[in-house]
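J.: Here it is: the structure, laid out below.
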């Protein structure tokens, strides 16, 4: 006896406008902050002749690019399943998340390259004389500190909203905000250290490139944490041992199920998983009884929650096979 039971999306559905508005609202706040910081740091960096602050302004502009990706992408991944895409459009969000991770990795590599290059050039160049500290330097330092505080706040708020909305793209963008805060740290250290060194009659030129290398490593590490799960989802990797163990326990506790095998799981998006499994039932049962057992397994799995795992099961395919109850 063989029975296929699959949960399919049906009926007319409309995009989740509430989700779209919530994600867009958070992202537009980020756009406003990033634009203000990019303009401020760029102008003040030009006034003070600070290359590190100008580079920091360019990093803020890269945040605007990822904000734009989210604003455009959310209208697509929030769209419901249709005849051409019966599993929905959740993987568009995964693609957006991967894009943000790649941009973040690129920013980290760019900062690392610039910092190492500055260290090499400085080693071959006589140390410059001590420069006087003027209003432009203090303005530049204030801009760097303001960037750290505002982007750390934006990271915390965006991460909290991303967790509440279960949006991997928002969580990835939150880390991009934090990377901007991190990249402002060497700017503040260089400007503050330069000012302090000037009063002491010393030029602490090395603070900027050394700090930038440390920050670049942190940014690349954050990018890896974003890229790895996004790639796993796009490549249909298993949803993991934790979910698989919970599924097996649920099937074993379902009356009428003798055993289960050929369990396969995959993520349809950051918070949605699909399950395919074969179950054995008493071979003497009727087709209707086998159907009832399969339906019972399906609804138990759809209601399954796993502590520490945000993903929920949204699609189940069950293959019923006859077995010997002895």
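The values are calculated or read from the model by the stated rules, or taken from the named source; none is laboratory data. All figures in this text were calculated on a predicted structure; none of them were measured in a lab. FYI the Cβ positions are ideal-geometry reconstructions off the backbone, even for glycines, and counts take in every protein chain you see.
J.: So for segment 99-107 (the condition being over 23 Å from the mean Cα position of the chain (by Cα) and in contact (Cβ under 8 Å) with a residue 12 or more places away in the chain), does at least one residue qualify? Working first, answer last.
T.: The first filter runs over segment 99-107 and keeps only residues over 23 Å from the mean Cα position of the chain (by Cα), leaving none.
Scanning segment 99-107, I find no residue that is over 23 Å from the mean Cα position of the chain (by Cα) and in contact (Cβ under 8 Å) with a residue 12 or more places away in the chain, so the answer is no.
J.: I'd like to verify a number: residues in segment 259-272 that are farther than 26 Å from residue 167 by Cα and surrounded by fewer than 18 Cβ atoms within 10 Å (Cβ to Cβ), how many?
T.: Here the count works out to 4.
J.: Quick check: anything in segment 298-306 surrounded by fewer than 21 Cβ atoms within 10 Å (Cβ to Cβ), within 22 Å of residue 229 (Cβ to Cβ) and in contact (Cβ under 8 Å) with a residue 40 or more places away in the chain?
T.: The answer is yes; a qualifying residue exists.
J.: Among the residues of segment 71-91, is any surrounded by 14 or more Cβ atoms within 10 Å (Cβ to Cβ), within 23 Å of residue 39 (Cα to Cα) and at pLDDT below 85?
T.: No - not one qualifying residue is present in segment 71-91.
J.: Among the residues of segment 21-59, write down those that are closer than 18 Å to residue 183 by Cβ and modelled with pLDDT under 80.
T.: Once the filter is applied, which keeps residues that are closer than 18 Å to residue 183 by Cβ and modelled with pLDDT under 80, segment 21-59 yields 48, 50, 51, 52, 53, 54, 55, 56, 58, 59.
J.: I'd like to check something: does segment 273-281 contain any residue that is assigned to a loop (DSSP other than H, G, I, E, B), touching a strand residue (DSSP E or B) at 6+ places or on another chain (Cβ under 7 Å) and either under 24 Å from residue 166 (Cβ atoms) or in the same structural domain as residue 169 (by TED's automatic domain parsing) (or both)?
T.: Checking segment 273-281: not a single residue is assigned to a loop (DSSP other than H, G, I, E, B), touching a strand residue (DSSP E or B) at 6+ places or on another chain (Cβ under 7 Å) and either under 24 Å from residue 166 (Cβ atoms) or in the same structural domain as residue 169 (by TED's automatic domain parsing) (or both).
J.: Next up: Tell me the residue from 320, 297 that is in a helix (DSSP H, G or I), modelled with pLDDT of 90 or more and farther than 24 Å from residue 77 by Cα, please. Outline the logic, then answer.
T.: Working: 320 fails: in a helix (DSSP H, G or I).
Criteria check complete, one pass: 297.
J.: Here is a follow-up. Which residue out of 179, 150, 244 is assigned to a helix (DSSP H, G or I), surrounded by 15 or more Cβ atoms within 10 Å (Cβ to Cβ) and not assigned by TED's automatic domain parsing to the domain that holds residue 42?
T.: When all the criteria are applied, what remains is 244.
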